Amino acid sequence: MAELILNVDFAASERPRKEPGNRKHRSFVRRRRALERRGALRQKQLPAQAPPGRGAQRQPGPRGGRRGGNAGKPNPPRAKANGPEPADPKPKPKPAAKGRAPRAPPAPPKLVAIDCEMVGTGPGGRTSALARCSIVGYGGDVLYDRYVRPAAPIVDYRTRWSGIRRQHMLNAVPFGSAQREILRILAGKVVVGHAIYNDFKALKYFHPKALTRDTSKIPLLNRRGGFPENVAISLKRLVKELLHKDIQVGKSGHSSVEDARATMELYKVVEAEWEQHLLLNPEQE
């Protein structure tokens, strides 16, 4: 029996696999593949591939920052590893010293000199009471000069020193009225006096220490006159030695106007040095 040999072509029966996409897309893909095999495509047209063994590098975002929510924002300053930042090279002003701040020298209109004369009241006339008060300006002009009648009866007029007599009390101003007027003049002024504590005590008032200049307690005057610095020298002796004048002479007693003017002249002798010292040492008055 003859052998029957069948020659069947199975390849013809297999259908080519249909590529995805429409006809136009499939045609584009076929042409691209053919061009790739021939090496006809330029390098920038080839699909990007990551270097072997490494992941794809991140592309920098705007202004060199990373892509994401912080893109375009400046990086925060990093803390220095060597400790805190160096101090500001510009020197900082030193804090003001404790206490009163340094003040400027007083202007002449703010300067007055005062001198008071007292009489004796009370048992034996041992209590001093105001009987005359004189205030002069920087140039010696009289700002106030009145006789004052004490509230208590006068026992001793002390005429030898005060110059007060009975007739001076006839038109004298009551103490309360005189005190109000005097304090109005002294308000805000730098007050110069010699042993000024006694004058303020008679006025029943004490001026601010920073605005008081007592010529009996300033070593500069004693030094200029050749006297010991720690000794209270009388107004008469200081005026004689430094101003070459005689005051408080005769038996008629003192003149409070004359004494106030002499005190202001003594202050002027050491004014610049005295105020400079107080300016540099505000705690000392």
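The values are calculated or read from the model by the stated rules, or taken from the named source; none is laboratory data. If you're wondering where the values come from, they're calculated on a predicted model, not measured in any experiment. All Cβ positions, even for glycine, are placed from backbone atoms using ideal geometry, and neighbour counts span all protein chains on display.
Observations on the model:
- Filtered residues of the range 214-233 (kept if surrounded by fewer than 16 Cβ atoms within 10 Å (Cβ to Cβ) and free of Cβ contacts under 8 Å to residues at least 24 places away in the same chain): 219, 223, 226, 228, 229, 230, 231
- Out of 141, 156, one residue alone is touching a Gly at 6+ places or on another chain (Cβ under 7 Å), at pLDDT 95 or above and of a type in the set (Asp, Glu). It is 156.
- Take the conditions (1) out of contact with any helix residue (DSSP H, G or I) (no Cβ under 9 Å at 6 or more places or on another chain); (2) under 20 Å from residue 136 (Cα atoms); residue 193 misses just one of them, which is (1).
- All conditions but one from (1) touching a residue at least 12 places away in the same chain (Cβ under 8 Å); (2) farther than 21 Å from residue 110 by Cβ; (3) of a type in the set (Val, Ile, Thr) apply to residue 270; the one that does not is (2).
- Members of the range 111-154 that are part of a loop (DSSP other than H, G, I, E, B) and farther than 22 Å from residue 258 by Cβ: 122, 126, 150, 151, 152, 153
- For the range 138-154, taking the residues that are crowded, with 16+ Cβ neighbours inside 10 Å and hydrophobic (A, V, I, L, M, F, W, C), the one that is nearest to the chain's Cα centre (by Cα) is identified as 143.
- If only residues of the range 155-197 that are assigned to a strand (DSSP E or B) and over 42 Å from the mean Cα position of the chain (by Cα) are counted, the one that is farthest from residue 107 (Cα to Cα) is 155.
- Test: residue in the range 144-165 that is within 26 Å of residue 268 (Cβ to Cβ) and of a type in the set (D, E, K, R): yes
- Looking only at residues of the range 198-213 that are surrounded by 16 or more Cβ atoms within 10 Å (Cβ to Cβ) and within 23 Å of residue 127 (Cα to Cα), we find that the one that is nearest to the chain's Cα centre (by Cα) is 207.
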